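We did not get these values from a lab; they are worked out from the coordinates using the rules stated. As the structure is a prediction and not an experimental result, all values here were calculated from the model. Every residue, glycine among them, receives a Cβ derived from its backbone with ideal geometry; neighbour counts consider all protein chains shown.
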Amino acid sequence: QRLNYKIAEYTKAVLKDKPNFHISFIMNVSPECDCWNHNDAAVVPDLGILASTDPVALDQACLDLVYRSDDPGKKDLIQRIESRNGLRTVESAAALGVGSREYELITL
């Protein structure tokens, strides 16, 4: 849980007083981080591309799309997110004032 808080804390420091824009590709989501040199097959298909000037709102929207997905593979992904306290990063970032967990999803 401490790591999740630190990620939020460092995000706040990096973004402080700087213009920023964030994009997330929720496409063929695999069980491990894309930064690994190996991975398994996708567990959640293409859910879209999201963008925002608020990184917390963006992460919350991505999480919500995964949770609302009809894909049966989401069960494994959600289990991984929750077993690693993944929601704590978004909660901590919002508490630190990095952004808001509230958002309006606009489909283009």
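Counting only Cα atoms, I'd like the Rg/Rh figure for the chain, Kirkwood definition for Rh.
Details: Rg = 14.0 Å, Rh = 14.6 Å.
Here Rg/Rh amounts to 0.96.
N28 to A41: extension gain in nm, 0.36 nm per residue of separation minus the Cα-Cα distance?
Fully extending the segment from N28 to A41 adds 3.9 nm.
Summing +1 for each Lys or Arg and -1 for each Asp or Glu, what net charge is found among the other residues whose Cβ lies under 15 Å from the Cβ of N20?
Values: positive: K12, K16, K18; negative: D17, D54, D59.
Local charge sum for N20: 0.
Placing +1 on the Cβ of each Lys and Arg and -1 on the Cβ of each Asp and Glu in the chain, which of I49, N20, S30 has its Cα farthest towards the positive end of the resulting dipole?
Final value for the positive-end residue is N20.
Treating the beta-carbon of each Lys and Arg as +1 and of each Asp and Glu as -1, no other charges, what is the dipole magnitude of the chain about its Cα centre, to the nearest 20 debye? Write out the running numbers ahead of the final one.
Values: 12 positive and 16 negative charges, 92 e Å.
The calculation lands at about 440 debye.
Work out the length of the dipole vector of the stretch 63-108 about its Cα centre, built from +1 on the beta-carbon of each Lys and Arg and -1 on the beta-carbon of each Asp and Glu, and round it to the nearest 20 debye. All intermediate terms of the calculation are to be shown ahead of the outcome.
Details: 7 positive and 8 negative charges, 44 e Å.
About 220 debye.
Which of G86, S100, Q60 sits closest to the plus end of the dipole of the stretch 42-108, meaning its Cα is farthest towards the positive end, when Lys and Arg get +1 and Asp and Glu get -1 on the C-beta?
It is G86.
Net charge around R2, counting only other residues with Cβ within less than 15 Å of its Cβ (Lys, Arg = +1; Asp, Glu = -1)?
Overall, the nearby charge balance is +1.
How high is the relative contact order of the chain, in percent, with contacts defined as C-alpha pairs under 8 Å that are six or more residues apart? Don't jump to the answer; show the numbers that get you there.
Working: 143 pairs, mean separation 36.6, N = 108.
It rounds to 34 percent for the chain.
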